[in-house]
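All of the numbers you see were taken from the coordinates with simple rules; none came from a lab. Keep in mind it's a predicted model, so treat the numbers as computed, not measured. Quick reminder, even Gly has a Cβ in these numbers, built from the backbone with ideal geometry, and neighbours come from all protein chains shown.
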Amino acid sequence: MEFNEYQEAANRTLYGTEQVLTNCALGLAGESGQVIDLVKAYTFKGQKLDKKQLTHEMGDVLWYLSQIAEWAGIPFDEVAKENIETLNKRYPNGFKSEN
């Protein structure tokens, strides 16, 4: 699935027209926190990494990101493309600890 296809499909489930940006930004923070909690439980509490739950939570993060981009009129493909361009400029030979 292409990012723009995802963005369009995800937009079908966006609720409301007022305060959409605020709702999505707060939702992104909350879902990111759930990803962080899973990683914390794995890293510091010795729990098994629940990949199914991690995948679910990362999907929720992706949804909120796509809808923030939608609200701003930014094609989600462009978000991904620009990020890769930034990484390629920052790390032209890939990341190494001495970078």
* Sticking with the crude label model, points 7 Å out along Cα→Cβ, report the distance from residue 34 to residue 84 in nm, one decimal please. => 2.8 nm
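Tell me what the chain gives for mean residue ellipticity at 222 nm when only DSSP H runs of n ≥ 4 count, each as -39,500 (n - 2.57), the sum divided by the residue total, rounded to 500 deg cm²/dmol. Don't jump to the answer; show the numbers that get you there.
Values: 4 runs with 72 residues, N = 99.
When only DSSP H runs of four or more count, the value is -24500 deg cm²/dmol.
Explain nothing, just the number: relative contact order of the chain, from Cα pairs under 8 Å at least 6 residues apart, as a whole percent. The partial results should precede the final answer.
Numbers: 60 pairs, mean separation 37.8, N = 99.
Computed value for the chain: 38 percent relative contact order.
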* Structure fact -> Rounded to 0.05, the calculated FRET efficiency for the beta carbons of residue 91 and residue 47 at R₀ = 35 Å is 0.65
* For semi-axes √(5λ) of the Cα gyration tensor in Å, which listed value, (i) 37, 14, 11; (ii) 25, 22, 12; (iii) 23, 13, 12, comes from the coordinates shown? -> (ii)
* Which distance in nm do the two modelled labels at residue 60 and residue 13 give, with both placed 7 Å along the Cα-to-Cβ direction? -> 1.1 nm
* Selection from 41, 28, 64, by position along the positive dipole direction of the chain (Cβ) -> 41
* Structure fact -> When the charge dipole of the chain is computed with +1 at the Cβ of Lys and Arg and -1 at the Cβ of Asp and Glu, the Cα pointing farthest to the positive end, of 91, 74, 7, is that of 91
